[in-house]
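The block underneath contains the structure these notes are about, expressed in structure tokens.
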Amino acid sequence: MMRRFLTSCGCAAVVAVCATLPLSSQGTTQSSAAAQAPPLVITAFNGGPEPADWKAPRTPWGEPDLQGVWSSENATFPVSRVSGRGAAPAGLYLDDEQWEARKKQIKQGIVNAENATGTFRGDFARRAFRQSSYIVDPPDGIMPQPLPQALERARVGDRGTFGDGPFNTFDDFTNYDRCITRGIWGSVVRVIYGNGNRIVQAPGVVAISYEMIHDTRIIYTDGRPHVGSAIRQYLGDSRGWWEGDTLVVETTNLTDQTSIGANGNGLRHSAKMTMVERIRRVADDIVQYQLTVIDPETYPRPFTMSIPLTPLDGGVLLPYDCHEGNLAVRNALTGERAEERALAADLERGIIRPRRGPQDEGLGAGGFGGQPRPRRGSPQAAARGGGPGGRGGAPAGGDQER
């Protein structure tokens, strides 16, 4: 109830909750986790310098003002710096030719989106950035692949309804399928819609609400310690402090039930993961957002992404009534049971056939680009990395909506 109340009422609710809390402008001192995270990498100016005459606004109580409704919809570049139709970018920023192609693509995307017809409308970029990848550390821009021992814990449900199943229980679905959470990483990385991030502040506290799955995080900046290690939460326990104009946030006490991937799908991280965020307003219309993942049980080294967040078109987070209209779990379970009955009926007629997979209609939702999907258990399916019966777990990168 508190989470939904804060999401609905914004800053006034935060002030009401926190009016009696002890205040500290600096809060927590540098932690061991924050020491492992690189300084803020500002990509908002396309490799150029920050404006010398711009100063960050302040709240009435004197802290840097991050408040607004921000979006990652203009962060159209890939997570890792890899080659697509052309050569992979050599550095963090596109060369002149690649940059012109990016700007042309964004302009055409605006025309396509504004003239689109149909009932479904996705978010679309209105501004081109020269950045080549979300990942800014390691310097090669490549997200480290999970450790072999981490891959051993891959599970059927890591791709949920975008995978091959089978679907027998609620645990065969992702938290995204189930409208529970996308985790911190999955809530910020750009997907096809719902990319809003609302930030409100009060003395000693910052709250961030995410448009899709409507999570709200409370980040205390009043110097209080983390909660006890026995308490675990999907979005962890966040403590923040100010380093100049930059809000630094350390998040601990996470579960092992969320993932580092688009919409929070993909191989799950460990419960020992720590996240460090650096958030700074660098212009009237840009907040630079940086997130470092530290999980030695899943990845060989920490890695960091940094992206510019820009004002959300319309300035208001739209309601995301996910549970109220969620038929994904019911339909997937119903479809599996229907296929079992059909298999049994065919067998009675002497027809022996492979079991149909959930993605057999070739819609591309499972990552096969609209091509007919191999039937579950077939040699072709195994060759695609799904393993026998499609039980091979999820790819390292996450899921579908990029």
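Here are a few things to note about the model shown:
- Residue match in segment 178-190 (condition: farther than 30 Å from Leu94 by Cα, of a type outside the set (S, T, N, Q), touching a residue at least 60 places away in the same chain (Cβ under 8 Å) and not in a helix (DSSP H, G or I)): yes
- Segment 40-82 - residue that is among the basic types (Lys, Arg) and in a loop (DSSP other than H, G, I, E, B) and, of those, nearest to Ser132 (Cα to Cα): Arg81
- Restricting segment 191-221 to residues that are touching a strand residue (DSSP E or B) at 6+ places or on another chain (Cβ under 6 Å) and not in a strand (DSSP E or B), the residue that is farthest from Tyr134 (Cα to Cα) is Thr221.
- For Lys272: the one exception among (1) basic (Lys, Arg); (2) over 30 Å from Pro203 (Cβ atoms); (3) over 17 Å from the mean Cα position of the chain (by Cα); (4) buried (at least 21 other Cβ atoms within 10 Å of the Cβ): (4)
- Looking only at segment 95-150, residues that are part of a loop (DSSP other than H, G, I, E, B), among the hydrophobic types (A, V, I, L, M, F, W, C) and more than 24 Å from the chain's Cα centre (by Cα) come to 1 in all.
- Among the residues of segment 12-66, the one identified as touching a Phe, Trp or Tyr at 6+ places or on another chain (Cβ under 6 Å) and modelled with pLDDT of 95 or more is Gly47.
- Residue within segment 253-263 that is among the acidic types (Asp, Glu), more than 16 Å from the chain's Cα centre (by Cα) and outside any strand (DSSP E or B) present: no
The values are calculated or read from the model by the stated rules, or taken from the named source; none is laboratory data. If you're wondering where the values come from, they're calculated on a predicted model, not measured in any experiment. Glycine gets a Cβ as well: all are built from the backbone with ideal geometry, and neighbour counts include every protein chain shown.
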